[in-house]
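S.K.: Before we start, here is the structure in question, set down as structure tokens.
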Amino acid sequence: MIQKKVCMVGAFATGKTSLVARFVKGIYSDKYQTTIGVKIDKKVVETGANPLTMVLWDIYGEDEFQNIRMSYLRGAAGYLLVVDGTRRETLDIAIQLQAKVEDHIGPVPFIVMLNKCDLEASWEITPADLEALAQRGWKMIKSSAKEDQGVQDAFAHLAQQMTGASAQSQEAA
Amino acid sequence: MDTAAIPHGASPPEAKRNPATSNPDELAELRRLLLGGDLETILQDAQPALEAQAVSEVLAEAIAQSHAQSQKQLTQAAVPTVETAIQTSVETNINILSEALFPIIGPATRKSVAAAIRNLTQSLNQGLEHSLSPQSFKWRWEARRTGRSFAEVVLLRTLVYQVEQVLLIHKETGLLLQQVVSEQTQSQDPDLVSAMLTAIQDFVQDSFNVQSGGSLDTLEVGEMNIWIEAGPQAVLACVIRGTAPQELRGQLQTTLEQIHRAYAAPLKGFEGDQAPFKSSQTYLQDCLKAQFKTQGNGEKQRPTKLLMALGCLTLLLGAWLGLKIQTGHRWQNYVSQLEQEPGLVVIQQQRQGGKFKLSGLQDPLARSPEALLAQTKLQPEQVTMQWEPYLSLDQAFTLKRWQTRLAPPDGVTLRLDANQVLHISGTAPEAWISLSQRLLHRGEGLQDWNTEGLISQDRQQLLALKDRIEQRSILFLPGSSKIEPSQQGTLQAQQQDLAEFLQTAQAIDLAVYITLAGYSDPTGNDQENHKLSQARATAVEQALVQPGIPAQAIATQARGVSSSPTSADLPSAARRVSITIEAPQLQIVPSPAS
């Protein structure tokens, strides 16, 4: 069994926990996030012949009062950078975070999740912004935890990038 | 200086000056010049063979020396080769190894099975030992409440400590490398636990500015302890229930060191693959230690406790039974005493619970059953009695009853013979005799009665008086019918006795006839004498009559010349008046009333 540590990174209230909740069923309650700043869940995905166990570290979102604990990122094989499409500032924070993370753990695969795509009509993020991100070579997936869009996709893509194999999601083990 | 341009032989002073620093090329050139090109070729070809031979000669000695100096490098270096060799052997022909291992696997399996059975027996013993203690009810309740098995709860509660789970965690990623869990332990998803433990460690380190090198090594929550040993690459986390000794910490460190040595390469190049660490389970298993409270002296305690409990129970039971038997015995004694007691008849007796019930017949003259009960050690409140009155035909009771009924005066004896005949003897007043004759009747244990030995006091007295009166005579002077003064004393005595006689006779309703007989002496003629004797009788009659002696009770009789004088010597004795009393029914023993 191959295991990988995966982190959920993003600004405060971008929907990281909802995305994880959509993806898995864990044993720890959300209160851990607010107490020690992280909540751990697990998801087994099929990547080709071998199943991959993703241990998800859902890290409490950064806001103006609290910086995320960089030590929680140590050893991560990949991460999901979550942006709230309806709040422009979450994109800026994501860009800063990405730089911090890369500085801390080196260049590991990551995917930008443009969350709350069910509210795309009221997005503050413009196509120009997305174009700029694409210019950086960032892989982006629009998602909605509420309507279960793009979630499985994002995790599968990340799994694929981490293992170099094609990934296929499977219900939680 | 270009050495190739100068011939070797042309510079001997240089070579002599410093041979150690001579150019190797120069030596090769010298060898070529001395031995020729062909020989050198032969030597080059033979060199590997020669070296192998030389090594083989010293190899065994070298290995032995390495072991003697207890250097582990050689062993460690040999491990991959040996492992590969075994793997190759298995792949080539599995039979060779399996046959070689067969003698080892058999005993090892037996040993392992025996150990498993021993463990099972121990847990059964513990279960049995605690199955009846007061604690066990608490534990049963806990088992019911928590959904665990009773055996599991017993194990948990008798535990000093138990390592329930050992996690080997990759330090950098927090990913689980391997884990072992003790039997009967419920564990959460170890992947999540190991990640969370890593997160907590990071959190503590970040939050409290722990100096580098320091780390969280113990978490304590209630009776659960988590001991964490961190190495450079891996972390060992032990979930312990109870209080483990400090030696365990040493064992964890040793195990972690061994793992670091054995898995140095896989740890360094860890990419999330657990497979290379599968064999580390054996190291982790060594850390699954446990110690129980009752271990060691448990086997001794159990029989003692059980025996003590049984002993107490037997003692109590014995005491209870003893008391019951003793009480029963006392009761039986009392009942048989009642049965032997005259005038008491036990009809029914029974025992209900701790109470006794008794019913029967009681003669009024019998001894009181309550008084007899008081003489025993039975508690009166334990006994309920119901007695109906009856008359006992027992000889003693019949006699007693008649004695009470007749109330004989002093001097009278009652005796009942075997034929139930009552013998009454002695002296009694006439009044009691006639009363008793009215009272006596057959039945109630009496067949008949006999009063032959019973003498009437009154009749006895009457006979005595009669004798006295008839002995006396009142004497007269010749030819006189006048009572002389000298005879007044006799006359008064006769008068007194006669009055008493008549009174007593009247009291017992006795018919009495009194005759005064007058006599004369032979002097004179018969006619005169007859007249004189009549006159004398009449004179006495007149003198005697007074209140208490009525004249009609007395008859006079002229007897003339006494034919049989009472005293022939005295002529005066012939001139007399005698009293004769006739009472036909006067005898000492009264005739039966019937």
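S.K.: Kindly list the residues of segment B:137-173 that lie in the label zone of B:Asp273, defined by a backbone N under 20 Å from the point 7 Å along the Cα-to-C-beta vector.
M.R.: Correct set: B:168-173.
S.K.: Let me ask something else about it. Let a ≥ b ≥ c be the square roots of the eigenvalues of the Cα gyration tensor of chain B; is it rounded (a/c under 1.5), or, if not, prolate (a/b larger than b/c) or oblate?
M.R.: prolate
S.K.: Check the straight Cα-Cα distances from B:Lys138 and name the lysines below 20 Å, setting aside those fewer than 8 residues away within the same chain.
M.R.: Result set, ordered by chain and number: B:Lys293, B:Lys305.
S.K.: Ok, one more. Going by alpha carbons, how many degrees (0 to 90, nearest 10) lie between the helix axis of B:73-92 and the longest principal axis of chain B?
M.R.: Value to nearest ten degrees: 80.
S.K.: Using label points projected 7 Å from each Cα along Cα→Cβ, tell me how many nm separate B:Glu99 and B:Gln587, to one decimal.
M.R.: Each label point is offset 7 Å from its Cα along the Cβ direction, giving 14.4 nm.
S.K.: Only helical DSSP H runs with n ≥ 4 go in: add -39500 (n - 2.57) per run for chain B, normalise by residue count and round the 222 nm mean residue ellipticity to 500 deg cm²/dmol.
M.R.: -16500 deg cm²/dmol
S.K.: Mind pulling the angle between the C-alpha long axis of helix B:94-130 and the longest principal axis of chain B? Nearest 10 degrees, somewhere in 0 to 90.
M.R.: 30 degrees
S.K.: State, as an integer percentage, the relative contact order of segment B:445-502 based on alpha-carbon contacts under 8 Å between residues 6 or more apart.
M.R.: Relative contact order here is 33 percent.
S.K.: Right, another one. Please list, in order, the residues from segment B:386-400 whose amide nitrogen is less than 13 Å from a point placed 7 Å along the Cα→Cβ vector of B:Lys357.
M.R.: Counting only backbone N, you get B:386.
S.K.: Grab the other residues whose beta carbon is less than 12 angstrom from that of B:Ile579, score K and R as +1, D and E as -1, and report the net.
M.R.: Around B:Ile579, the charge tally is -1.
S.K.: In what order do B:Ser481, B:Ser456, A:Ser143, B:Ser133 fall by count of nearby beta-carbon atoms within 10 Å, going from fewest to most?
M.R.: Fewest-to-most Cβ neighbours within 10 Å comes out as B:Ser133, B:Ser481, B:Ser456, A:Ser143.
S.K.: Sticking with this structure for a sec: If r is the Cβ-Cβ distance from B:Thr580 to B:Ala396 and R0 is 45 Å, what FRET efficiency results, to the nearest 0.05?
M.R.: 0.35
S.K.: At a 10 Å Cβ-Cβ cut-off, how would you order B:Trp449, B:Trp320, fewest neighbours first?
M.R.: Least crowded to most crowded, the residues run B:Trp320, B:Trp449.
S.K.: Moving to a separate point now. Mind checking the angle between helix B:526-544 and chain B's longest principal axis? C-alpha axes, 0 to 90 degrees, to the nearest 10.
M.R.: On a 0 to 90 degree scale, this one is about 40.
S.K.: State, to one decimal in nm, how far the label point of B:Thr282 lies from the label point of B:Phe137, with both points 7 Å from Cα in the Cβ direction.
M.R.: Taking the two extended label points, one gets 5.1 nm.
S.K.: Along the Cα→Cβ direction, 7 angstrom out, place labels at B:Val421 and B:Gln65. What is the inter-label distance in nm?
M.R.: 14.5 nm
S.K.: For the pair B:Ala555 and B:Gln403, what calculated FRET efficiency results from E = 1/(1 + (r/R0)^6), where r is the Cβ-Cβ distance and R0 = 60 Å, to the nearest 0.05?
M.R.: 0.85
S.K.: Using the 10 angstrom Cβ neighbour count as an exposure proxy, how do B:Asp363, A:Asp41, B:Asp497, B:Asp217 rank, fewest first?
M.R.: So the ranking, lowest neighbour count to highest, is B:Asp217, B:Asp497, B:Asp363, A:Asp41.
Coordinate-derived values only; no laboratory data. In this text, all values refer to a predicted model and were calculated from it rather than measured experimentally. Cβ: placed from backbone, ideal geometry, glycine included. Neighbour counts: every protein chain shown.
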